[in-house]
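As structure tokens, the structure follows; a few thoughts come after it.
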Amino acid sequence: MENKTKVWAHRGASGEAPENTLEAFELALKQGADGLELDVHISKDGHLIVMHDEQVDRTTNGTGQIRRMTLKELKALNAGTKEQPMEIPTLDEIYAWAQHNTMEINVEIKSDAVAYENIESKCLELAARYGVENRIWYSSFNHYTLDVVKHLNPKARTGILYGQQLYKPWEYAKTVGAKAIHPYYASITGEDYMKACQKAGINVHPWTVNREEDLEKMIALGVEAVITNYPMRAIQIRDAQMR
Ligand code: G3P
Ligand code: MG
């Protein structure tokens, strides 16, 4: 059915599988998610690496900054569990995997803490190489990055990512050519807010909506996508509301 809220799995189905691993993305696909959100950095030798933090310490058995490690060093780490080890994926590998499905992909460019050289053009080139451009939404807390993306490819879809309340984000988004806002879900104040976004032609993709009551509320408000660690839960709530 058209106009239904899409469910995007945040770092994959990360409530049930190790975040930003192929296992988490596969699980989201299996559960029927419409898309996924992932985070991207650049390794020492120039590869686009899928991981949330700037350093590998929290989510792997290794230690160090992604930007100071080679792909080979990163690939030697375990981003899964002891029982089920998983490699840190590259964006290249995710796009190769995406050839076999129709998932939308929200690429969050992690250029807010580290100034990765040419990360915007690298992401765009890779998407073009795999022919997945039309399935991608770029987001970033660094809105200058989104401006760069739009200048490099005016057709690229972007969404401003933010955690605090912004004044009229539906207007501000347009200053960097964004087609969407990616607000922390609690900053969406209600129907007037949604109406203003609709009138401005701006999509609303809140994160990270995990609790049932919050999913119910966001879906009832008619956001275009919810970004959640629990895609199955979100799908059930969305489908129940559509009945
Ligand atoms: O893109 C939504 C969300 O992922 C933003 O915050 O820190 O989880 O990457 P973070
Ligand atoms: Mg993210």
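Looking only at region 110-130, residues that are away from ligand 1 (no atom under 16 Å from the Cβ) and either in a helix (DSSP H, G or I) or touching a Phe, Trp or Tyr at 6+ places or on another chain (Cβ under 9 Å) (or both) come to 10 in all. Every residue in region 91-104 that is within 16 Å of ligand 2 (Cβ to nearest atom) and farther than 15 Å from LEU27 by Cα, please. Matches in region 91-104: LEU91 only.
Is it the case that some residue within region 56-78 is closer than 17 Å to HIS10 by Cβ, within 15 Å of ligand 1 (Cβ to nearest atom) and surrounded by fewer than 20 Cβ atoms within 10 Å (Cβ to Cβ)?
Of the residues in region 56-78, the ones closer than 17 Å to HIS10 by Cβ are 58-59.
Still in the running and within 15 Å of ligand 1 (Cβ to nearest atom): 58-59.
Next cut, surrounded by fewer than 20 Cβ atoms within 10 Å (Cβ to Cβ) only: 58.
Within region 56-78, one or more residues are closer than 17 Å to HIS10 by Cβ, within 15 Å of ligand 1 (Cβ to nearest atom) and surrounded by fewer than 20 Cβ atoms within 10 Å (Cβ to Cβ).
Residues that are more than 15 Å from ligand 2 (Cβ to nearest atom), within 30 Å of TYR193 (Cβ to Cβ) and not in a loop (DSSP other than H, G, I, E, B) within region 144-166 comprise TYR144, ASP147, VAL148, VAL149, LYS150, HIS151, ARG157, listed in sequence order.
Suppose the filter is touching a residue at least 60 places away in the same chain (Cβ under 8 Å) and outside any strand (DSSP E or B); does ILE227 pass it? Criteria not met by ILE227. In the set (1) buried (at least 21 other Cβ atoms within 10 Å of the Cβ); (2) in a loop (DSSP other than H, G, I, E, B), the condition left unmet by VAL107 is number (2). Give just the number: which of (1) more than 24 Å from ARG58 (Cβ to Cβ); (2) surrounded by 16 or more Cβ atoms within 10 Å (Cβ to Cβ) does ALA96 not satisfy? (2) is the only condition that ALA96 fails. Exactly one residue among GLY15, GLY35 is buried (at least 17 other Cβ atoms within 10 Å of the Cβ), farther than 21 Å from CYS123 by Cβ and within 14 Å of ligand 1 (Cβ to nearest atom), and that residue is GLY15. Only a single criterion out of (1) more than 16 Å from ligand 1 (Cβ to nearest atom); (2) surrounded by fewer than 19 Cβ atoms within 10 Å (Cβ to Cβ); (3) at pLDDT 95 or above is not satisfied by ASN210, namely (1). Looking across region 208-224, just one residue is within 15 Å of PRO183 (Cβ to Cβ), part of a helix (DSSP H, G or I) and in contact (Cβ under 8 Å) with a residue 60 or more places away in the chain, and that is MET218.
The values are calculated or read from the model by the stated rules, or taken from the named source; none is laboratory data. Not measured: the values here are computed from a predicted model. Quick reminder, even Gly has a Cβ in these numbers, built from the backbone with ideal geometry, and neighbours come from all protein chains shown.
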